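Notes to accompany the following structure.
Taken together, the values in this text are just the output of simple stated rules run on the coordinates, not laboratory data. Remember, predicted model here, so these are calculated numbers, not experimental data. No Cβ is skipped: glycine too gets one built from the backbone with ideal geometry, and neighbour counts run over all protein chains shown.
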Amino acid sequence: MAERSFHVARLPGFATTAIIVFLALYLPIITLVVYSFNASTSLAVWGGFSLDWYAKAWANTQVKDATMRSLIIASFAALISTTVATMAALGTTRRRAFKGQTAIYVMINQPLMVPEIVTAVALMILFGLIKQATGIHGLGYLILAHSAFCIPFAYLPIRARLEGMDLTLETAAADLYATPWQTFRRVTLPLLAPGMIAGAMLAFVISLDDVVITEFVKSGGQDTLPTYMLGQLRRQLTPEINAISTMLLAVTVVLLTAFFLLTRKKD
Amino acid sequence: MSPAEENAVRTSARNGWLLSTPALVVLTFAAAGPLLIVLVYSFLTPGQHGNVIWEFSTGGWVGILWSKDIFTGEWALADAHLSIFWRSLWLSLLTTVFTFVVGFPTAWFIATRAPKERALWLFLITIPFWTNLLIRTYAINEVLRKEGLMNTVLMGLGITDTPIEVLYTPTAIFIGMTYVYLPLMVLPLFAAIDRFDMKLLEAAYDLYASRWRVLRRVILPIVKPGIVAGSILVFVPSLGAYVTPRVLGGGKQMMIGNFIELQFLQGKNWPLGAALSMLLLMIVMVALLVYVRYANKGSSGHG
């Protein structure tokens, strides 16, 4: 029976389906990337290799502005969400379960549960009222909105890191008369850093990718790269969009690879 | 508990709340709190050019299903709205079912790889999950276009002479949603299968169960929590989808998300848009409650 139990987990057609699924997942993305290097204006005919569309995208001031805006918003959102998520993770782990802890969990994960379009509409109304009352139309609204929906993504890896951390080092520090602040600054924080970096990277990626909430919250002339692309998709398409997509994809893949290396279990 | 211990517990709880406060403030102000304003707006009167007039009205909620004829003043079921709801519902259900049909073998395949290889396959399924939804939708748009990859291949193989025009049809939205939400099905399924004890399969085979019977009677019941989780993770964003139907449906094939946008960004009827948003939120909450109840029952049942 040993021979049969070796194949026990094999189910007919499953491996084939899986391979087709992986091909179907990657073929469209690969095609998109390949055509960003197309010399011809057409998205259908291959006219040889060229970097023209990257140069064109880079020379396009709208694209440049949108890129800068995306990077500014994502950086602030990652910084803010990681800071508050780290505090919340310290507050909700490694202590006795307290009253209301579940409520805190629900609040933190709330952006994952509410459909994006609903949050988008809600923020458009609230921020619209504030914009009208104050006359201020800065990037602050977008940064705040992004910070909020990035919190659960920043929180998860930080909490995971905290739960896996050894308490004895902190106890040792306290035994050696370190003040709580010294213990935190010199022991907890360095140990926690990989989790915080991982959380910040996820938050950055999530903010960089957001379309729906940004589309509803932005004031005139505040396009980010994704909302600029969404607007372009209505017009005649050129491989310029492919070039922009490829650059965004590259950022995501690099950050994700770094994230996986950071959070990888050492065994 | 001694008074000192009691004190320590109280301090610990207070610190827990204090540390969580900044996150809660941001979330209250820029995520959860504004939902209440939407609820209020759903009970107001629509303004002339979008926005609202601060007068109580149930018109927004009534308008979800009924519309008043502008000439005769008679109330009738709003067929256009119903067809949008119907399209959203069946496209979401179809997407959920199909992602399961292809996602289950994929998750099974990943879970049965050697541990070293498994991490790579898992990484491959995770990358699309984190990749910009708009870019993935655009990639599918490129594949489905009249001159796109799909038609080039089909015509090259001689399967069809004339290009098939799928773009801007419900089929295109279905293909697009399946494509973008598939990782959300595969990941929880993988988590469930990963915990599955393969010895149970040996036992079943030893007792002369057929493969089909094993799948139906042994595997599916045990990985059920993963199926429920994956289905909800796919169904919920499908129902509220905005980007995919907008790009692949071309404005003609609206889903609830686009219908909500129409009420706000085109300034048609804010209270109706607010009521639709609340309705969508309620449906999602019901789905999540069902899941939570199911998950709790499942964990107590299996020990």
Simple Cβ-charge dipole of the protein assembly as shown, Lys/Arg +1 and Asp/Glu -1, about Cα centre, in debye nearest 20: 1020
Shielding by partners, peptide B:104-111 (average Cβ within 10 angstrom, other chains): 6
Where N is the number of residues in region A:60-263, Cα Rg divided by 2.2 N^0.38 Å: 1.18
Rg/Rh ratio calculated on Cα atoms of region A:21-105 (Kirkwood radius): 1.29
B:W86-B:W66 FRET efficiency (beta carbon distance; Förster radius 22 Å; 0.05 resolution): 0.85
Value of relative contact order over region A:60-263, rounded to a whole percent, pairs C-alpha under 8 Å and six or more apart: 36
B:T171-A:V34 FRET efficiency (beta carbon distance; Förster radius 22 Å; 0.05 resolution): 0.30
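For B:R195 and B:R217, FRET efficiency with R0 = 25 Å and r from the beta-carbon atoms, rounded to 0.05?
Efficiency, from the Cβ-Cβ distance: 0.85.
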Mean Cα-pair separation over length for region B:25-95, i.e. relative contact order, pairs under 8 Å, 6 or more apart, %: 16
Within a Gaussian network of chain B (alpha carbon springs, distance under 10 Å), most fluctuating of B:L120, B:L272, B:L27: B:L27
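List every DSSP H helix in chain B whose Cα atoms extend 18 Å or more along the helix's own long axis and whose mean Kyte-Doolittle hydropathy is at least 1.0.
B:79-111, B:170-194, B:224-239, B:270-301
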Kirkwood-based Rg to Rh ratio, region A:83-137, C-alpha trace: 1.16
Estimated distance in nm for a label pair at A:D175 and B:E6, the labels positioned 7 Å out from Cα along Cα-to-Cβ: 3.1
DSSP H segments from chain A that extend 30 Å or more along their own axis, Cα-based, with Kyte-Doolittle mean of 1.0 or above: A:14-35, A:239-263
Rule-of-thumb Rg ratio for region B:192-303 [Cα; 2.2 N^0.38 Å; N residues]: 1.57
Inverse of mean 1/r across different Cα pairs in region B:45-176, Kirkwood, Å: 19.7
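So for B:M198, A:M87, fewest C-beta neighbours within 10 Å to most, what's the order?
B:M198, A:M87
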GNM flexibility winner over chain B from B:G63, B:G73, B:G257 (Cα, springs under 10 Å): B:G73
Cα centre as origin, Lys/Arg/Asp/Glu Cβ charges: region B:133-219 dipole, Debye: 320
Which of A:V106, A:V205, A:T183, positive extreme of dipole for region A:60-263 (C-beta unit charges): A:T183
Order of A:W46, A:W53 under a 10 Å beta carbon neighbour criterion, fewest first: A:W46, A:W53
Distance histogram for region B:196-241 (every C-alpha pair counted, 10 angstrom bins, percent rounded to whole numbers): 25, 37, 20, 14, 3
Three principal axis lengths of chain B [C-alpha, angstrom, descending]: 84, 74, 33
Convex hull projection area averaged over all views, the protein assembly as shown, Cα basis, nm²: 34.1
Under 18 Å from the A:I130 label point (7 Å along Cα→beta-carbon), backbone N, region A:199-217: A:213-217
For region B:121-182 and region A:197-267, distance of Cα centres in Å: 20
Theoretical ellipticity at 222 nm over chain B - DSSP helices of four or more residues, -39500 (n - 2.57) apiece, nearest 500: -23000 deg cm²/dmol
Cα-centre dipole for region A:60-263 with unit charges at Cβ (Lys and Arg positive, Asp and Glu negative), debye to 20: 340
Least to most buried among A:I72, B:I219 (fewest other Cβ within 10 Å first): A:I72, B:I219
Peptide-level mean, for A:85-97, of C-beta atoms on other protein chains within 10 Å: 5
Order by protection proxy (mean Cβ within 10 Å, highest first), peptides A:157-163, A:56-62: A:157-163, A:56-62
Average Cα contact separation per residue, chain B, under 8 Å, 6 or more apart, as relative contact order %: 26
Unsatisfied cross-links (Cα-Cα over 29 Å) in the set B:K116/B:K224; A:K99/A:K131; A:K64/B:K146; A:K64/A:K218; B:K199/B:K224; A:K56/A:K131: A:K99/A:K131; A:K64/B:K146; A:K56/A:K131
